[in-house]
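Asker: Take this structure first; my questions come after.
Just so you know, all these numbers are worked out from the coordinates, no wet-lab data involved. Since the model is a prediction, treat every value here as computed from it, not as a measurement. No Cβ is skipped: glycine too gets one built from the backbone with ideal geometry, and neighbour counts run over all protein chains shown.
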Amino acid sequence: MYSLDNCIFDSTVNQVHEECDCYPPNINFYNNEPCTDEKMNCMEHVYETLSMTGTVTHDNKTKLCMPLCE
């Protein structure tokens, strides 16, 4: 069963991949293309504009993440 415990984290990684066509280098578990040079700037922009909500897709269903506690 999928857990929403790391939903914001998962959503952020997916957003970086979609917008920058790379993966954050510090969490690149599957040896995919890491963000470097201009793509690193793109990744940092995603982080800076990150909202504390997000969505993830699992089993072909899009689910809204619960907001982080402040």
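Asker: For His58, what residues show an amide H to amide H distance below 5 Å, using hydrogens built from the backbone and excluding near sequence neighbours?
Answerer: Residues meeting the criterion, in which the H sits 1.01 Å from N, are Lys63.
Asker: Sort 13-26, 35-48 by the packing proxy (mean of other Cβ within 10 Å over each peptide's residues), most packed first. Before the final figure, lay out each step's value.
Answerer: Details: 13-26: 16.0, 35-48: 14.2.
In descending order of packing, they fall as 13-26, 35-48.
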